[in-house]
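Structure record follows, encoded as structure tokens.
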Amino acid sequence: MSVSLSRLRRVSCVVEDIELAVRYLESLFRAQRLENVPTQIHPGSGRHLAHIGLGDLVIELVAPQVKDDAWGERLDQYGPHVASLAYGIEEMDQLLADLSDDNLEFTHTESGAIWCRSRALIGFDLILEPGEQGPLAELPGAWGEVSPMLHVEITHHDIAQAGRWLERLFGSKRVEQEFSEFLVGITAGRMDIQHFSLGDAVLQYIEPRHDAGPWWELLQKAGPSVHNITWLVNDMPAVATASQAAGTRDLRYFEFDYAPLFGEENRIGDKTVGRIIDCAHILGFHLELSERQAKNINTYMYKEV
């Protein structure tokens, strides 16, 4: 029996330099630094902590200051990376019972949350917090010059296995299937792509072939991992200029014709420009950004963007 999750509360990233990461997001998108965000991670002598809002997503940045604690070990092992996604849950006892046969490591916090070490299964750990969360100082959804978050994109060696686990525990479902199939087609079969719901978020799983470039390389280096997070932007040339000024470059640049999927009558321009910015060394994940693909894009998306 699956349990239900709240909306996605935070994505936690291990980084080397918090102020660099914050300045980077501010310079590209006017992202907003947040205060008094509820969290299970507390700053101290061993780490620095900051929160920044982008679209409807709260990004939690953790910078270890010593190597001999868990965060320092993670940074040493994986480099900057996405460590966890945080959700609220009402049926904590039911979840723990459901997980009893999975042989996963758990850490219990003083507030009653659990940190589930699920990276090998789904590409990231889960922080699951009991009950309702107190309100943020500002409502999510309007931070910076981007859309709500589209996808958390994960490279994985076995999408089917990850999907079964998410469905069994949390009732996750395949979503955006027409979009998935279209993306598989334009990548010429170099990767399988499937989208799954988790709370209000969409996980875009990539199962790469050996010739899939950075997705394959990250999978070989670090195992199942978050590769990038995706947003829509209105002014792609301005973002490209800001990225260049900040010293980052494109990992991939795309010009796609989405009319075969969305319909000729819904076209916005001849081609849709997209880019993946190589910035995981700063943020813990790459940025995938796209112009709005079609007038009717929300017909195909799990949530309105």
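Only the coordinates and a few stated rules stand behind these numbers; no lab work does. Just so we're clear, the structure is a prediction, and the values are computed from it rather than from any experiment. Because the Cβ atoms are built from the backbone with ideal geometry, glycine has one as well, and the counts that use them run over all protein chains shown.
Things worth noting here:
- Only Cα pairs under 8 Å and 6+ residues apart enter the sum, and on that basis the relative contact order of segment 10-130 stands at 26 percent.
- Beta bridges per DSSP with both ends in the chain, % antiparallel, nearest 5: 75
- Prolate/oblate/rounded label for segment 151-299 (Cα gyration tensor, a/c 1.5): oblate
- Extension gain, ILE268 back to ASP76 (0.36 nm per residue minus Cα-Cα distance, nm): 64.7 nm
- Residue-count net charge about ALA160 - beta-carbon cut-off 10 Å; Lys, Arg +1, Asp, Glu -1: -2
- For segment 228-305, the relative contact order works out to 38 percent when only alpha carbon pairs closer than 8 Å and six or more residues apart are counted.
- Of all lysines in the structure, the ones whose alpha carbon falls short of 19 Å from that of LYS303, not counting any fewer than 8 places away in one chain, are LYS173, LYS295.
- Coordinate range along principal axes, alpha carbons of the chain, Å, largest first: 54, 43, 39
- Only DSSP H runs of four or more residues enter the estimate; each adds -39500 (n - 2.57), and after division by the residues of the chain the mean residue ellipticity at 222 nm equals -7000 deg cm²/dmol.
- Normalised by the number of residues in the chain, the mean separation of alpha-carbon contacts (under 8 Å, six or more apart) gives a relative contact order of 20 percent.
- Label-point gap, in nm, between ALA120 and GLN220 - each point 7 angstrom along Cα→Cβ: 2.2
- Residue-count net charge about TRP71 - beta-carbon cut-off 13 Å; Lys, Arg +1, Asp, Glu -1: -4
- The spread of Cα positions in segment 103-205, taken along each principal axis and listed from longest to shortest, comes to 49, 41, 19 Å.
- Where both bridge residues fall in segment 51-191, DSSP classifies roughly 65% of the beta bridges as antiparallel.
- FRET efficiency for the ASP93 to ARG168 pair, using the beta carbon distance and R₀ = 22 Å, is estimated at 0.85.
- Spin-label model, ASP101/ARG249: points 7 Å from Cα along the beta carbon direction are separated by 5.1 nm.
- Local electrostatic count, LEU61, Cβ distance below 14 Å [Lys/Arg +1, Asp/Glu -1]: -1
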